[in-house]
């Protein structure tokens with residue numbers, strides 16, 4: 001009796017230590033994009049091609065990790081001139097830097113929110129970026145919503161004559177809506 | 001120079017509207033022709049913004065001008081053939097319609113396409129309609145056709161004024177010039 005009382009919590013501890021956060025792949029219907037401001041008007045951009053490896057368990061943030069890889073040339077914003085400009089050297093410079101990548105370094109609880117700290121590599125520059133995370137389990141699958149705000153000039157996006165923030169605002173809101181499928 | 005128009009000549013308010021808008025229409029019209037074929041870049045972006053800013057200003061001016069026209073009187077027509085009188089007034093009517101239609105079709109185009117419409121980088125005007133590809137195509141077509149009609153009517157308007165000034169030697173042009181001194185009329189009446 002005494003033995004069982006002792007061993008049960010021990011076994012429980014062993015199991016949870018051995019458990020890893022669930023792994024997910026991103027399925028159809030997921031979106032990753034941004035909203036930026038041009039001449040005081042907000043426009044939406046989306047990346048048609050990106051891959052993400054997501055490990056997440058709300059009860060075990062230490063084991064969570066995101067690795068997101070974005071094909072920058074797949075961007076569309078609903079305007080032909082703008083879409084043709086974004087791969088240019090002044091913006092994403094996709095011939096030199098075809099992809100952007102975000103890799104988490106750690107997760108933390110901030111009030112009721114979960115924050116994913118990580119490094120965003122964009123246009124050859126790597127800088128710390130934090131995402132606000134909302135994870136909703138749905139059986140063995142889940143949805144993951146992430147948001148953050150970047151300053152485009154931190155990554156030299158829209159350089160030279162496009163640096164004027166009165167025409168193109170510095171602030172860019174990034175949002176992802178990922179439909180996760182258990183692996 | 002009196003503020004209001006008289007029997008013989010246009011008042012200072014009517015003249016100011018006329019010449020300010022003439023400058024704006026010729027300026028933004030030339031800009032419109034030039035800017036569309038520019039390569040992508042900030043120059044194109046800024047010239048489009050300037051074209052739209054002048055256009056919005058012209059829309060405000062034509063509304064004020066129409067309001068003033070209700071309040072102001074009009075000088076008597078100079079003596080001229082009946083067909084010239086009809087053509088002149090017809091051209092004026094068309095110019096008013098086009099002065100409204102050009103900025104409004106531009107505004108509609110920007111709204112339907114979801115483009116920004118900003119007045120000299122100071123403030124944005126609201127969209128007239130929600131995004132609508134078909135309506136945007138219609139609006140830009142109306143804007144372009146309107147431009148060519150406007151160019152034609154303006155040529156007739158300017159040509160008519162010059163013809164009256166140089167050949168008929170009447171006061172049609174002089175009474176609209178900022179500091180024009182009127183000629184003696186053939187019937188001996190003076191200003």
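Derivation of every value follows stated rules applied to the coordinates shown; laboratory data play no part. Being a predicted model, the structure only gives us computed values, none of them experimental. Cβ: placed from backbone, ideal geometry, glycine included. Neighbour counts: every protein chain shown.
For chain B, what are Rg and Dmax over the alpha carbons, in angstrom?
For chain B, the Cα-based Rg and Dmax read 19.1, 62 Å.
Nearest 10 degrees is fine. How inclined is helix B:12-35 to the longest principal axis of chain B, computing both from alpha carbons?
40
If I fit a long axis through the Cα atoms of helix B:82-113 and take the longest principal axis of the Cα atoms of chain B, what angle between them do I get, 0 to 90°, rounded to 10?
The angle comes out near 20 degrees.
Using bins 10 angstrom wide from zero, how does P(r) for the range A:19-69 break down, in % of all Cα pairs?
Computed distribution, short to long bins: 21, 36, 26, 14, 3, 0.
Averaged across the residues of A:152-164, what count of C-beta atoms belonging to other chains lies within 10 Å of each residue's C-beta?
1
If I model a spin label at residue B:144 and residue A:119 as a point 7 Å from the Cα along the Cα→Cβ vector, what separation in nanometres do I get?
5.1
So for the protein assembly as shown, considering every pair of alpha-carbon atoms, how many percent are separated by more than 34 Å?
52
Using a 7 Å offset from the Cα along the Cα-to-Cβ direction at both residue B:1 and residue B:69, what is the distance between the two label points in nm, to one decimal?
In this crude label model, residue B:1 to residue B:69 measures out at 1.9 nm.
What value, in deg cm²/dmol to 500, does the helix sum -39500 (n - 2.57) over DSSP H runs of n ≥ 4 give at 222 nm once divided by the residues of chain B?
Only helices count here, giving -22000 deg cm²/dmol.
Against the longest alpha carbon principal axis of chain A, how many degrees, from 0 to 90 and to the nearest 10, is the axis of helix A:2-18 turned?
Here the helix axis deviates by roughly 20 degrees.
Peptides A:174-182, A:139-147: what's the order by average Cβ count within 10 Å, highest mean first?
So the order, starting with the most tightly packed, is A:174-182, A:139-147.
What shape does the range A:20-182 have by the C-alpha gyration tensor, where a ≥ b ≥ c are the square roots of the eigenvalues, rounded means a/c under 1.5, and otherwise prolate means a/b greater than b/c and oblate the rest?
Prolate, because a/c is 1.5 or more and a/b exceeds b/c.
Could you state the number of Å between the C-alpha centres of the range A:86-136 and the range B:59-104?
59
Say each of residue A:110 and residue B:156 gets a label point 7 Å from the Cα, pointing the same way as Cα to Cβ; how far apart are those two points in nm?
6.6
May I ask you to derive the relative contact order of the range B:1-105, considering only C-alpha pairs under 8 Å and at least 6 residues apart, and to give it as an integer percent?
So the answer I get is 34 percent.
What FRET efficiency comes out for the pair residue B:97/residue B:46, r = Cβ-Cβ distance, R0 = 30 Å, nearest 0.05?
After rounding, the FRET efficiency stands at 0.50.
Can you give the mean number of other chain Cβ atoms that lie within 10 Å of the Cβ atoms in peptide A:39-49?
3
Suppose a student asked you for the relative contact order of the range B:12-176, using Cα pairs under 8 Å spaced at least 6 residues apart; what percent would you report?
Averaging sequence separation for qualifying contacts and normalising by length gives 21 percent for the range B:12-176.
Taking each residue of B:40-47 in turn, how many C-beta atoms of other protein chains fall within 10 Å of its C-beta, and what is the average?
If you average over the peptide's residues, the count of other-chain Cβ atoms is 5.
Please tell me the relative contact order of the range A:20-182 in percent, rounded to the nearest whole number, where contacts are Cα pairs under 8 Å and at least six residues apart.
For the range A:20-182, the relative contact order is 26 percent.
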